[in-house]
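Notes follow the structure.
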Amino acid sequence: MTRVAVVSTVRAPLHEARMFINYHLNMGIDEIILFFDDPLDEGVTVFTQLKQVSTVACTPQYWSKMSGNKPTAIEDRQVINANEGVRFARKKKCDWIVHIDSDELISTSTSIKSVLAKCDADALRFEVMEAVSERESYDNIYAATLFKKKSGKTALQIAKLLGCTRSVFEDEYFRSHLDSKMATKISSKFGMIDIHGPKDYNKDFRIKNTSEIALLHYDCVGFDSWNTKWSRRLDGSGIARDMRNNRVKQYQAYIQAKQKNNKELSDLYKHLHIIPKREKATLFFLGMLTRVVLDQSLFAPPQH
């Protein structure tokens with residue numbers, strides 16, 4: 001039987017980390033390997049009691065062992081943890097590994113295992129969707145149900161011509177990463193797992209795309225989530241390397257607003273992440289927006 005592992009570097013509220021775990025176990029994931037960026041996170045001890053979950057506290061001792069010292073950029077820490085996760089997954093006799101963030105969920109209307117079982121490629125790239133906030137406050141990031149679908153330049157230009165100006169920032173539709181994530185066959189030959197998938201593989205390594213599995217990215221759902229993400233960039237605890245120009249512009253706008261007052265921050269958040277009603281209707285018509293309403297029972301503890 002196909003066995004699948006999920007690996008993630010986590011820094012999230014305990015209730016959202018629990019929802020992330022429950023959801024993926026209920027979706028059929030066999031092993032979840034969590035690396036806690038904050039070594040004092042209570043989730044380290046809370047979740048290690050779960051049979052299918054492995055937890056690692058990223059202590060100074062851990063980083064000394066893995067890389068000599070703690071990498072400054074969060075992406076570098078994620079890459080090290082992802083590859084350590086591959087080692088864990090091999091020990092757990094898993095066939096596939098998926099490296100995602102804790103603000104991402106794997107979604108399919110069928111079965112993740114059945115899709116991967118019939119896959120003859122070495123890696124399978126998921127369709128990516130980005131969550132859209134419809135208000136400033138949410139109990140949890142996974143409560144969002146409106147999603148942007150990746151679209152080509154032509155659709156984007158049509159949307160702009162039809163007046164969808166708030167939906168576009170610096171000539172881009174998505175606010176976060178444009179590339180999706182993928183499942184990688186552990187038996188395949190690759191040098192390492194990077195943020196979005198394997199790298200350092202030969203020409204025979206095959207990567208396929210699928211529309212049967214979606215990556216739901218809950219980036220900046222609600223003001224608090226957005227503010228926390230960018231403030232961590234600012235205070236140094238979540239420094240990002242190689243941000244594309246669009247992200248740099250968002251960061252600069254955040255810094256300018258933060259230097260003024262809370263109203264400026266709130267207004268910026270709404271400008272960047274909340275789509276006006278009229279634009280929503282146009283984007284639905286163009287197929288650039290969709291609704292994804294998840295079964296809430298998937299977030300409850302698995303029943304074995």
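Return the only residue of T154, T110 being of a type in the set (S, T, N, Q), over 24 Å from L272 (Cβ atoms) and out of contact with any Pro (no Cβ under 6 Å at 6 or more places or on another chain).
The conditions single out T110.
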Can we say G191 is small (G, A, S), surrounded by fewer than 17 Cβ atoms within 10 Å (Cβ to Cβ) and more than 25 Å from D76 (Cβ to Cβ)? no
Within region 209-230, track down each residue that is open to solvent by 30 Å² or more (accessible area, probe 1.4 Å) and not acidic (D, E). N209, S211, F223, S225, N227, T228, K229
Pairs with Cβ under 6 Å, 6+ apart, first in region 161-190 and free of Cβ contacts under 8 Å to residues at least 24 places away in the same chain, second surrounded by fewer than 20 Cβ atoms within 10 Å (Cβ to Cβ): V168/K160
Working only within region 90-139, note down all residues that are open to solvent by less than 30 Å² (accessible area, probe 1.4 Å) and either at positive phi or of a type in the set (S, T, N, Q) (or both). S102, S107, T108, S133
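If you check V128, V86, which single one turns out to be touching a Leu at 6+ places or on another chain (Cβ under 7 Å), outside any loop (DSSP other than H, G, I, E, B), in contact (Cβ under 8 Å) with a residue 40 or more places away in the chain and more than 18 Å from N26 (Cβ to Cβ)? Walk me through how you get there before you give the answer.
Values: V86 fails: touching a Leu at 6+ places or on another chain (Cβ under 7 Å).
None of the other options fit; the residue is V128.
Being more than 26 Å from Y138 (Cβ to Cβ) and touching a Ser or Thr at 6+ places or on another chain (Cβ under 9 Å) is true for just one of T9, T59, T45, T72. Which residue is that? Can you show your working first?
Details: T9 fails: more than 26 Å from Y138 (Cβ to Cβ); T59 fails: touching a Ser or Thr at 6+ places or on another chain (Cβ under 9 Å); T72 fails: touching a Ser or Thr at 6+ places or on another chain (Cβ under 9 Å).
Criteria check complete, one pass: T45.
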Give the residue, chosen from T9, T2, that is closer than 24 Å to K199 by Cα, buried (at least 21 other Cβ atoms within 10 Å of the Cβ) and modelled with pLDDT of 95 or more. T9
Considering only residues that are without any contact (Cβ under 8 Å) to a residue 40 or more places away in the chain, within 26 Å of R3 (Cα to Cα) and assigned to a loop (DSSP other than H, G, I, E, B), look in region 19-57 and name the one that is most open to solvent (accessible area, probe 1.4 Å). K51
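Please verify whether region 60-76 includes one or more residues that are of a type in the set (K, R), open to solvent by 40 Å² or more (accessible area, probe 1.4 Å), part of a helix (DSSP H, G or I) and at pLDDT 95 or above.
For region 60-76, residues of a type in the set (K, R), open to solvent by 40 Å² or more (accessible area, probe 1.4 Å), part of a helix (DSSP H, G or I) and at pLDDT 95 or above: present.
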In region 59-90, how many are closer than 16 Å to S102 by Cα and either aromatic (F, W, Y) or in contact with an Asp or Glu (Cβ under 9 Å, 6 or more places away or on another chain) (or both)? 7
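The values are calculated or read from the model by the stated rules, or taken from the named source; none is laboratory data. Remember, predicted model here, so these are calculated numbers, not experimental data. Cβ sites come from the backbone with ideal geometry, for glycine too, and all protein chains shown count toward neighbours. Remember, those area values only see protein heavy atoms, side chains included, never the ligands or the DNA or RNA. Shrake-Rupley method; radii C 1.70, N 1.55, O 1.52, S 1.80 Å.
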